[in-house]
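Encoded as structure tokens, the structure appears first; notes follow it.
Just so it is clear, none of the values below were taken in a lab; they were calculated from the coordinates. Because the structure is predicted, anything quoted here is derived from the model rather than measured. Backbone-built Cβ (ideal geometry, glycine too); neighbour counts: all protein chains shown.
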Amino acid sequence: MGLNIHGIRAIYMFEMNRTFRTLAQSIIAPVLSTSLYFIVFGSAIGSRMGDIGGVSYGAFIIPGLLMLSLLSESISNSAFGIYMPKWSGTIYELLSAPVNWVEVLLGYVGAAATKSLMLGLLILLTSRAFVSYEIQHPVWMVAFMILTAITFCLFGFIIGLWADSFQKLQVIPLLVVTPLTFLGGAFYSINMLPPIWQTVSLFNPVVYLISGLRWAFYGEADVHIGVSVGMTLGFMAMCLGVVWWVFKTGHRIRR
């Protein structure tokens with residue numbers, strides 16, 4: 001039995017239309033926020049710092065800021081997308097529709113990943129106004145961004161299924177993901193840290209994401225690119241397993 005393409009498309013288009021209805025909140029606000037980081041860290045502070053690994057500080061922080069936006073938006077877009085049907089009660093229409101969990105996942109996660117990647121590319125273009133940079137491995141960069149967006153949209157989907165209030169939707173992104181990103185080498189190389197803190201940093205999963213994206217930009221990374229890809233794929237597989245279990249058991253789907 002093949003996939004219900006019409007069902008997937010209906011979910012996907014509904015989510016994409018919601019984004020364009022809230023364009024200022026979904027796209028413009030994150031781009032402006034990231035631009036402020038470039039102004040403060042890239043221009044003001046970066047002009048007073050030396051190069052890191054032969055890369056100017058303003059260019060060095062681009063992968064970290066891009067990853068910060070990508071993670072935050074992937075999680076929030078996907079979590080909000082599946083939480084709203086639960087909150088409004090329309091989740092029952094979705095569960096009774098002729099779509100299985102794979103098709104529901106493709107619709108919601110596909111739309112959330114598309115929005116996150118659109119935002120990532122806009123931020124990348126915006127950064128040109130503040131910093132000059134070159135991308136050594138553009139294909140790897142796009143592939144790694146897609147992999148990261150899909151993985152953390154899956155993670156956000158799980159958060160949306162777990163949450164039973166709007167406050168809980170923000171707990172993990174604000175109190176866990178954002179701090180880990182700041183401590184994961186977004187604004188520095190972990191090689192600049194004392195040896196003990198370098199070891200501690202390796203337990204931060206976001207280090208591997210930022211390192212992988214930085215390698216795609218500049219060919220230099222704190223962690224080997226193979227390890228970064230492997231960690232990301234492992235987390236994706238774990239998220240898929242959790243989503244499959246949730247739909248199989250019905251746990252947390254119904255309020």
Problem set entry | Condition broken by Ile172, with the remaining ones in (1) part of a helix (DSSP H, G or I); (2) over 19 Å from Leu71 (Cα atoms); (3) touching a helix residue (DSSP H, G or I) at 6+ places or on another chain (Cβ under 9 Å) satisfied | (2)
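Yes or no, residue by residue, for (1) surrounded by 14 or more Cβ atoms within 10 Å (Cβ to Cβ); (2) out of contact with any strand residue (DSSP E or B) (no Cβ under 7 Å at 6 or more places or on another chain); (3) in contact (Cβ under 8 Å) with a residue 60 or more places away in the chain; (4) basic (Lys, Arg):
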| position | (1), (2), (3), (4) |
| --- | --- |
| Leu119 | yes, yes, yes, no |
| Ser127 | yes, yes, yes, no |
| His137 | yes, yes, yes, no |
| Leu147 | yes, yes, yes, no |
| Trp162 | yes, yes, yes, no |
| Leu175 | no, yes, no, no |
| Phe187 | yes, yes, yes, no |
| Leu193 | yes, yes, no, no |
Problem set entry | Condition met for Ala149 (outside any helix (DSSP H, G or I) and in contact with a helix residue (DSSP H, G or I) (Cβ under 9 Å, 6 or more places away or on another chain)) | no
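Results for (1) hydroxyl-bearing (Ser, Thr, Tyr); (2) in contact (Cβ under 8 Å) with a residue 12 or more places away in the chain, shown as yes or no for each residue.
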residue	(1), (2)
Ile158	no, yes
Ser165	yes, no
Trp197	no, no
Ile225	no, yes
Gly241	no, no
Thr249	yes, no
Exercise. Looking at segment 238-252, is at least one residue part of a loop (DSSP other than H, G, I, E, B), under 18 Å from the mean Cα position of the chain (by Cα) and among the aliphatic types (A, V, I, L, M)?
Worked result: no
For this session: Six or more apart or on different chains, Cβ under 6 Å: which pairs go from a residue in segment 77-105 that's crowded, with 17+ Cβ neighbours inside 10 Å to one that's among the acidic types (Asp, Glu)? Could you list them?
Result: Gly81/Glu15
